[in-house]
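Peer 1: This is the structure I want to talk about, given as structure tokens.
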Amino acid sequence: MRFSHVAAGDTFTTAELQAGVAEALDIPVEECPLSSVRYELSKLRAKGLVEKLPHSRRYHLLPNGYRICLLFLKLFDKIYAPLAAGLLHPYRGDRIMADERLTQLDKLYRSVTAALDKLVAAVGLKIAGLINRLTRTKFSLGPR
């Protein structure tokens, strides 16, 4: 996974994160300047999740940052990746299969998908995502 070395306790620089951030945001590296990565890290520093090492350009995760990083890695591995695989490459028969023939795991993933759809609609993320696409910016790391 793209940022797993950060969770492994290694230190990192903005330059080491830049390509991964650009890839995650699906933008060219040229549109993800180091200054934007530094700005995002400054926000994480202000929240006490990341610390800059003294007399260095390197950063490392603080305990709460580590816990949050692990949470996201676990969510990706256990929930996001399987859900995305099911959405991007569904089996034809899954759509027409009767609920009583679904496995417990399939039923749970359907429940998670439905709950996430409700959550996204409730907090207005669909609108935010549409606005981002229309303005061609992705979070605050995109072109300004």
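Quick note: the coordinates plus some simple rules give every number you see, no bench work behind them. Bear in mind that the values here come from a model prediction, so they are computed numbers and not experimental data. Note: ideal-geometry Cβ built from the backbone for every residue, glycine included; neighbour counts use all protein chains shown.
Peer 1: Could you give the nm distance between label points at ASN64 and ALA121, where each point is 7 Å from its Cα heading toward the beta carbon?
Peer 2: The answer from the label model is 3.4 nm.
Peer 1: Order these by the 10 Å Cβ neighbour count, fewest first: HIS55, HIS60. The partial results should precede the final answer.
Peer 2: On the way: HIS55 6, HIS60 16.
With the sparsest Cβ surroundings first, the list reads HIS55, HIS60.
Peer 1: If you stretched the chain out fully between LYS47 and ALA19, how much longer would it get, using 0.36 nm times the residue separation minus the C-alpha to C-alpha distance?
Peer 2: 7.7 nm
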